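The numbers here are math on the coordinates, done by the rules we state, and not lab data. In this text, all values refer to a predicted model and were calculated from it rather than measured experimentally. Neighbour counts run over all protein chains shown; Cβ positions are idealised from the backbone, glycine included.
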Ligand SMILES: [Fe+2]
């Protein structure tokens with residue numbers, strides 16, 4: 001299977017994965033052939049890409065980091081909790097703790113942890129999906145850092161609730177499709193302190209989890225908010241969630257901008273943004289997050305285009321690629337595969353549509 005943007009897919013293409021709606025119900029089943037009306041509906045729902053099964057991607061398997069069902073349940077839980085808050089402004093974190101335990105069990109029994117962005121994201125469900133993805137990304141980073149189970153649970157709960165303070169920010173500011181004014185941005189910044197206060201008042205939540213809401217926008221070089229804390233003065237769990245939050249936000253479509261590819265975000269975190277984050281945390285993060293996820297298109301310096309077939313864990317920027325188009329953009333009749341870790345003169349220049 002391979003991931004294809006809606007604008008590049010051909011009508012009649014076969015879906016490789018079932019697409020679910022925001023309530024967890026089936027929208028389009030695996031194996032269905034896509035028609036114009038389905039594509040229109042997906043666009044209306046803010047879905048911009050799907051997985052297809054075709055000859056060029058035959059036998060490419062994608063492993064989910066946690067079960068799709070667990071991911072959907074977690075998303076529904078966050079959605080329900082946020083909607084309930086409108087009617088009763090207290091948070092019951094009991095269910096969140098159980099969900100974090102479930103996610104953690106699946107991660108810890110997974111013998112090859114690799115986050116490969118396999119979930120199809122929808123702009124409309126961003127807030128809920130973001131909470132779940134930040135939780136997963138934070139947990140795998142914490143696992144890499146050798147956290148014990150108790151600390152991982154605290155990290156997971158805080159990560160899932162890191163943006164809970166946004167419930168107290170006016171919707172018209174949160175959903176504003178254009179650039180925020182200075183005053184509006186100041187208002188948004190308050191979600192850190194408000195989230196912390198909200199969590200602190202909730203029954204059964206640890207201070208470490210609550211602090212994540214407070215500190216996830218602080219930056220290692222002191223350029224963040226609310227307190228411009230620096231370095232190790234920012235609690236380690238907040239330093240982890242800071243990277244997970246930026247990674248998931250930048251790899252998601254938003255109302256006001258298109259998403260970046262995982263390799264572009266990897267490059268940002270490890271170069272331009274490197275001073276914003278704790279380097280030890282960056283090292284653990286990039287170890288488990290795929291730079292070029294399996295099933296996505298890439299262009300090589302030879303001008304050939306292909307699909308990532310397998311990761312190379314020891315060389316994350318040099319996966320195995322199935323060449324589909326040669327340098328003259330002629331589709332190949334037999335697809336050769338090239339293991340980029342074996343050829344130093346061949347490398348990926350960018351992600352692309354194939
Ligand atoms: Fe935030």
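Mind sorting 335, 220 by how few other Cβ atoms lie within 10 Å of their own Cβ, fewest first?
In increasing order of surrounding Cβ atoms, one gets 335, 220.
Averaged across orientations, what area in nm² does the convex hull of the alpha carbons in the stretch 225-354 project?
9.6
Taking R0 as 51 Å, what FRET efficiency do you get between residue 331 and residue 67 from their Cβ-Cβ distance, rounded to the nearest 0.05?
0.90
From Cα pairs below 8 angstrom and at least 6 apart in sequence, can you work out the relative contact order of the chain, rounded to a whole percent?
14
Given C-alpha coordinates of the stretch 297-351, what is the ratio Rg to Rh with the Kirkwood estimate of Rh?
0.94
Please compute, over every Cα-Cα pair in the stretch 2-53, the percentage with a separation greater than 14 angstrom.
Summing the P(r) of the stretch 2-53 above 14 Å gives 45 percent of all pairs.
Going by average Cβ neighbours within 10 Å, how do the peptides 86-92, 58-64 rank, with the highest at the top?
Put in order of decreasing packing, that is 58-64, 86-92.
What's the angle, to the nearest 10 degrees (0 to 90), between helix 191-201's Cα axis and the longest principal axis of the chain?
Helix 191-201 and the main axis of the chain meet at about 60 degrees.
Run through all the Cα pairs of the stretch 73-127 and give the fraction in each 10 Å bin from 0, expressed as whole percent.
Values per bin, smallest distances first: 19, 41, 32, 8, 0.
For the chain, set up a GNM with springs between Cα atoms under 10 Å and report which of 121, 166, 69 has the largest fluctuation.
69
Over 33 Å, how big is the tail of the calculated P(r) for the chain, in percent of all Cα pairs?
Cα-Cα pairs of the chain separated by over 33 Å account for 29 percent.
Return one number: the angle in degrees, 0 to 90 and rounded to the nearest 10, between the long axis of the Cα atoms of helix 126-144 and the longest principal axis of the Cα atoms of the chain.
The answer is roughly 90 degrees.
Treating the angle as unsigned and between 0 and 90°, give the value, to the nearest 10°, between the Cα long axis of helix 279-288 and the longest Cα principal axis of the chain.
50
For each of 57, 118, count neighbouring Cβ atoms within 10 Å of the residue's Cβ, then give the residues from fewest to most.
So the ranking, lowest neighbour count to highest, is 118, 57.
How large, in Å, is the stretch 125-224 by the Kirkwood hydrodynamic radius built from its alpha-carbon pairs?
So the Kirkwood estimate lands at 14.4 Å.
Return the whole-Å distance between the Cα centroid of the stretch 286-352 and the Cα centroid of the stretch 181-213.
Answer, in whole Å: 42.
Please list log₁₀ I(q)/I(0) at q = 0.22, 0.23, 0.24, 0.26 Å⁻¹ for the stretch 251-314, using the Debye equation with identical point scatterers on the alpha-carbon positions.
-1.06, -1.10, -1.13, -1.18
Could you please rank 1, 329, 207, placing first whichever residue has the fewest other Cβ atoms within 10 Å of its Cβ?
Fewest-to-most ranking of 1, 329, 207: 329, 207, 1.
Specify whether the C-alpha gyration tensor of the stretch 37-109 places it in the rounded, prolate or oblate class, a ≥ b ≥ c being the square roots of the eigenvalues: rounded for a/c under 1.5, otherwise prolate if a/b is larger than b/c and oblate if not.
Here the stretch 37-109 falls in the oblate category.
Pairs of Cα atoms under 8 Å, at least six residues apart: use those to get the relative contact order of the stretch 2-53, whole percent.
52
Restricted to Cα positions, what overall size does the stretch 12-168 have along the principal axes? Three whole-Å values, descending.
Cα spread of the stretch 12-168 along its principal axes, largest to smallest: 48, 41, 18 Å.
For the stretch 75-191, how big is the tail of P(r) above 16 Å, as a whole percent of Cα pairs?
Everything past 16 Å amounts to 65 percent.
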